[in-house]
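All remarks here apply to the structure that follows.
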DNA sequence: ACCCTGGGTCGAATCGATTCGATCGAATCG
DNA sequence: CGATTCGATCGAATCGATTCGACCCAGGGT
């Protein structure tokens, strides 16, 4: 360790015998610099072991950090277990990658509160966040940081990348109704931030904060106002299994509407465990259109990568000073082999 | 839009009638400030709609950004498809969350080269990266940014969080050998950065850059020097299916060693498609110990979350000026129901 | 009564680069 | 050949906070 301090651009400039402005130009390339000078600067940098302009200083001066915050409410382990999230993230990363930006994962929990407020982000994308993040959004707005939301409740000054959750769910429900199903149960995504698992009473239902879950449930309610509701603690197969076991031992529904394909797969596993055949004895539908367990699930396929992309484009537009409009996507019905005519249960 | 510019700490201080140093202390709490002064500063901030100290400026001055870079070689969609990666990431996030740090996802591809170099990170964790990132690591070292590697080749000045890939794979192979298997094929994780899919010749094998794949393969080679090798293009079920189809039509192996559970699940699907029974006609083993398709796979379970945690602790230690040692983890053999005695094929 | 301690506050330096305007010589244009 | 760009470079201001050292004053110890 010869030199105590790390070299700065100024040191490099001095060594190359130029001003630091010129040295800066030599690195960033945003201005005319003679080839010879540039060489000299680069050589000096090499001699001093200078690794290029400090990103922190650069981002202060430029007012841009090249970082897009991604706010997720769950633990990573939970959120990323569902491929649909990954797909959206991938589309987003792809699009913002065009300006060389990277994604900063911010998990908004009870403990890690101010994380969003204190991160050097150029923009923020909310992923399935409940109203709890409203406070943080306010801080971002005051800072002039653009906010885009996927799967989140409409918020003022936030660009929404939506899906027709309600009509799509309604469609699934009505297909089941047409086939004679009446005793229907719903397995929802977490309805509350606490991720409480179990049967949900109507009171609890109306106090729900999970936006997507609420929307999809509302769609089903339009067809089956009386449907039994079980809230999962997350979108995983195991949660679907737990839900399936509970519901199938409970009231013998002829159809179960799961709010994600992972949950649906879990329900089917539970049914299989209990010797209940799908779709003969029980119809199951999912949501998302991801492949799980190799099952041909009847579901709604949502264009997840495109939604991520749309969010990315909105971010780019916002960053460029534009004011993009909300984007609405459509979930497409996919006919699988997990739905049949309602079976009359013999009691 | 009344005020053109966004308020700064100095403006707040002026309005509160204190110096900016005092205002700073009022916000950061790192120094004695009378309760009354603090109130006044906060009130002034509220009036001016000031959202708190600018993270960019703060990170320049403090020399810390609170961001840990996570370098991934694949596309997000690819890397995150494997739950094992998610688990490691979760452990890491958990641990570094203790100092309020968040994770920055950096995908190191051909196009997005300088991303690692130009991100304001305090430390970097390499996730299953090949030697290609050596250049970037060098830049980081010159900047004095700590680097920790999970599933990556040993690099000088980089703390490694290892797994006994080779002996664990060897163990799996020897179990198969004991059961009489001789015609064995291996489905590897991508052996090259190009992610070329297909049979691998010995020459290609020796030119491989994928560290984990190479290690695990070496373990198998100690038992089955002649094993046929198929390189997948990624750790997904579909890749396993492709590999399975190709291998099972090719040479009728009695056992297939997959380098991940997802690949193993795919191989089993392919076998099922072809009417080959597992484990009666074909034995299949995986690696990682994640649940897929509800199969009871014979595999090696690695403590993924703990590895992530260990990486996180190493980062914290490094950031605190310590010099943590490499950490080695052990993969545990899990007896499933996908392995049986070698079947003699009738030609 | 005097010295010392420390809470509370301020001024100024600093973090490390980017960028705006000015300068100067050489090349281009009419 | 004079006027005018244009290319190359430099100096100085700036981005927005944090922090170090100094200062003042009140209370406690002897």
Within the range B:165-301, percent of DSSP bridges classed antiparallel, to nearest 5: 15
For chain A: span of alpha carbons on each principal axis (Å, largest first): 93, 37, 34
If the convex hull is drawn through the Cα atoms of the range A:1-118, its volume per residue in Å³: 163
Viscosity 1.567 mPa s, 4 °C: Kirkwood-radius Stokes-Einstein D of the protein assembly as shown over Cα pairs, µm²/s: 47
Cα gyration tensor shape for the range A:206-249, rounded if a/c is under 1.5, else prolate or oblate: oblate
Overall Cα dimensions of the range A:165-302 - principal axes, largest extent first, Å: 35, 30, 29
Chain A, relative contact order [Cα under 8 Å, separation at least 6], %: 17
Isotropically averaged projected area of the range B:116-222, using the convex hull of Cα atoms (one quarter of hull area), nm²: 7.7
Spin-label model distance (nm) - residue B:75 vs residue A:174, 7 Å beyond Cα toward Cβ: 3.5
Modelled label reach - residue B:62, point 7 Å along Cα→Cβ, the range B:19-35 residues with backbone N closer than 14 Å: B:24-31
Radius ratio Rg over Rh of the range A:120-164, counting only Cα atoms, Kirkwood formula for Rh: 0.94
Peptide-level mean, for B:80-87, of C-beta atoms on other protein chains within 10 Å: 4
Extension reserve of the residue B:35-residue B:323 stretch, reckoned as 0.36 nm per residue once the Cα distance is removed: 99.6 nm
Those residues of the range B:160-179 whose amide nitrogen sits under 14 Å from the label point placed on residue B:206, 7 Å along Cα→Cβ: none
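Between residue A:281 and residue B:49, what's the calculated FRET efficiency when r is the beta-carbon distance and R0 is 60 Å? Round to 0.05.
Computed FRET efficiency for residue A:281 and residue B:49 comes out at 0.50.
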Helix-only CD estimate at 222 nm, as mean residue ellipticity for chain B, using -39500 (n - 2.57) per DSSP H run (n ≥ 4): -12000 deg cm²/dmol
Cα-based equivalent ellipsoid of the range B:42-88: semi-axis lengths in Å, sorted from largest, via gyration tensor: 38, 14, 9
Inter-centroid distance (Cα atoms) of the range A:322-345 relative to the range A:46-73, Å: 42
Calculated Rg and Dmax of the range B:9-53 using C-alpha coordinates, Å: 8.9, 25
7 Å along Cα→Cβ, label-point gaps from residue B:98 to other copies, nm, shortest first: 4.2
Degrees between helix B:35-48 axis and first principal axis of chain B (Cα, 0 to 90, nearest 10): 80
Calculated P(r) tail over 15 Å for the range A:287-345, as whole % of Cα pairs: 63
Chain B: angle of helix B:237-250 to the longest principal axis, Cα-based, in degrees nearest 10: 20
FRET efficiency, 1/(1 + (r/R0)^6) with R0 25 Å, evaluated for residue B:291 and residue B:341 via beta carbons: 0.45
Radius of gyration, Dmax [the range A:222-347; alpha carbons; angstrom]: 17.8, 65
Rounded to 10°, Cα long-axis angle of helix B:304-319 versus longest principal axis of chain B: 40
Beta bridges by DSSP in the protein assembly as shown, antiparallel share as percent, to the nearest 5: 15
Alpha carbon Rg of the range A:35-187, scaled by the compact-globule rule 2.2 N^0.38 Å: 1.47
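Work out the mean other chain Cβ neighbour count within 10 Å for the residues of B:114-121 and drop it here as an integer. Can you show the working numbers first?
Values: counts 2, 5, 1, 4, 10, 10, 11, 4.
Mean shielding by partner chains, rounded to a whole number: 6.
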Label point 7 Å beyond Cα along the C-beta direction, distances from residue B:317 to other copies (nm, shortest first): 4.9
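Taken together, the values in this text are just the output of simple stated rules run on the coordinates, not laboratory data. Given the structure is predicted, the values throughout are model-derived calculations rather than measurements. Quick reminder, even Gly has a Cβ in these numbers, built from the backbone with ideal geometry, and neighbours come from all protein chains shown.
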